[in-house]
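Comments concern the structure below.
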Amino acid sequence: MTRTISDMSSAPRSVAVAATDGMLHFELGLACEVFGSAPDALPGPWYDVSVCGTRAVRVGRFLLEPDCGLDRLAQAGTVIVPALADVAVDPPADLVEAVRAAHEAGARVVSLCTGAFVLAAAGLLDGLRATTHWAHTEELAARYPRVRVDPDVLYVDNGDVFTSAGKAAAMDLCLHLVRRDHGSAVANVVARRLVVPPHRAGGQAQFVTTPVPAQDGHPLAELLTWVMRRLDRPLTVEDLARQANMSSRHLTRHFRSVTGTTPLRWLLTQRLRRAQELLETTDDSVDTIASAAGMGTATTLRRHFQRTVGVPPDTYRRTFRA
């Protein structure tokens, strides 16, 4: 008989953490910590956690002896697939098949960080919105075009299939599952024990670096340096084209080749990055930072910052201020 999530909602949840060679110990250990340690004064049953693999596996720098085989995944209420170190190779076929069988048997399946590549290989993400570490979202989208990859969020909840972004976002997703199963009060107790916020604002866009292309070897090298020194000034595409001694159309073509985007989009990204740096390193007001980053007014900065980074400037400052 096929189980459903609702069938398991009132029973102790069996959590199976998949383990195979090449997994990262941070995400695997995190899952075991969150689901394996019951908080004090819990009003109901907690999770029963097992680590499942075919043999002793190398996880990061450690050799791990699983509790049971991968076939146990199909008997679990929740299956967790930690991150893979190498996403350039296909995930192990036995792991992919075991995860697919577990989902068909009614388990909810959760990937942490690059564990999403296992779920995608199993076909569980076809037609669904999903995420992974921002450094690998393009690779996930290219290899599995039927997956709707969202590079900006910390995690995605599809009801019975869950994916998270990298590292700390795995904690966000695990706490989200605890919140779904046991309520906010219990999730807050778990978060407090782990000394982490029970819920983080925004998405992983606030953690993505946007480096300037190398300063030599391409036709825009001198122009990009010139622009970076003048971010506080109003600049148009015509200004950039004039400085580069190109037509606006020619400049736009070179910009797409070098940066992968348009001149104005690149300029906005650099202005926001400058604003992020100033929020992290100074006590300047948002108005002052907006002017220094060439955004004009605090209102304009807040609008673009919220839309692109995912949180308001003040929230970003509280999170990242040294």
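The values are calculated or read from the model by the stated rules, or taken from the named source; none is laboratory data. Keep in mind the model is a prediction, meaning the values are calculated, not measured. Here the Cβ is made from the backbone with ideal geometry for all residues, glycine too, and neighbour counts use every protein chain on show.
For the stretch 150-171, residues that are surrounded by 23 or more Cβ atoms within 10 Å (Cβ to Cβ) and not in a loop (DSSP other than H, G, I, E, B) total 7. The set of residues in the stretch 252-270 that are under 23 Å from the mean Cα position of the chain (by Cα) and closer than 17 Å to Met228 by Cβ comprises Thr259, Thr261, Arg265, Trp266, Leu268, Thr269, Gln270. Among the residues of the stretch 57-104, those that are part of a strand (DSSP E or B) and of a type in the set (A, V, I, L, M) comprise Val57, Val59, Leu63, Leu64, Val79, Ile80, Val81, Leu84. Within the stretch 135-189, the set of residues being among the hydrophobic types (A, V, I, L, M, F, W, C), in contact with a Leu (Cβ under 8 Å, 6 or more places away or on another chain) and in contact (Cβ under 8 Å) with a residue 40 or more places away in the chain comprises Leu154, Val161, Phe162, Ala165, Ala169, Ala170, Met171, Leu173, Cys174, Val186.
Cβ-Cβ contacts under 8 Å between residues 6 or more apart (or on different chains), taken from a first residue in the stretch 92-108 that is in the same structural domain as Asn158 (by TED's automatic domain parsing) and farther than 14 Å from Thr78 by Cβ to a second residue that is part of a loop (DSSP other than H, G, I, E, B) and modelled with pLDDT of 95 or more, are listed as Val96/Ala122; Glu97/Ala122; Arg100/Ala122; Arg100/Gly123; Arg100/Leu124.
So, in the stretch 273-295, of the ones that are under 19 Å from Val237 (Cβ atoms) and in contact (Cβ under 8 Å) with a residue 60 or more places away in the chain, which residue ends up surrounded by the fewest Cβ atoms within 10 Å (Cβ to Cβ)? So the residue we want is Gly294. Looking across the stretch 309-322, the residues that are in contact (Cβ under 8 Å) with a residue 12 or more places away in the chain, surrounded by 14 or more Cβ atoms within 10 Å (Cβ to Cβ) and of a type outside the set (Phe, Trp, Tyr) come down to Val309, Gly310, Val311, Pro313, Thr315, Arg317, Thr319.
Beta carbons closer than 7 Å, at least 6 apart along the sequence or on distinct chains, pair a first residue in the stretch 16-40 that is at negative phi and assigned by TED's automatic domain parsing to the domain that holds Ala93 with a second that is outside any loop (DSSP other than H, G, I, E, B) and among the polar types (S, T, N, Q) for Ala16/Ser50. Based on this model, can you work out whether Val17 counts as in contact with a strand residue (DSSP E or B) (Cβ under 7 Å, 6 or more places away or on another chain) and surrounded by 16 or more Cβ atoms within 10 Å (Cβ to Cβ)? Taking the combined requirement at face value, the residue satisfies it. Only residues that are under 14 Å from Pro312 (Cα atoms) and either touching a His at 6+ places or on another chain (Cβ under 9 Å) or among the β-branched types (Val, Ile, Thr) (or both): list them for the stretch 276-296, please. Of everything in the stretch 276-296, those that are under 14 Å from Pro312 (Cα atoms) and either touching a His at 6+ places or on another chain (Cβ under 9 Å) or among the β-branched types (Val, Ile, Thr) (or both) turn out to be Val286, Ile289. Within the stretch 63-80, being touching a residue at least 12 places away in the same chain (Cβ under 8 Å), closer than 17 Å to Glu27 by Cα and more than 25 Å from the chain's Cα centre (by Cα) holds for Leu64, Pro66.
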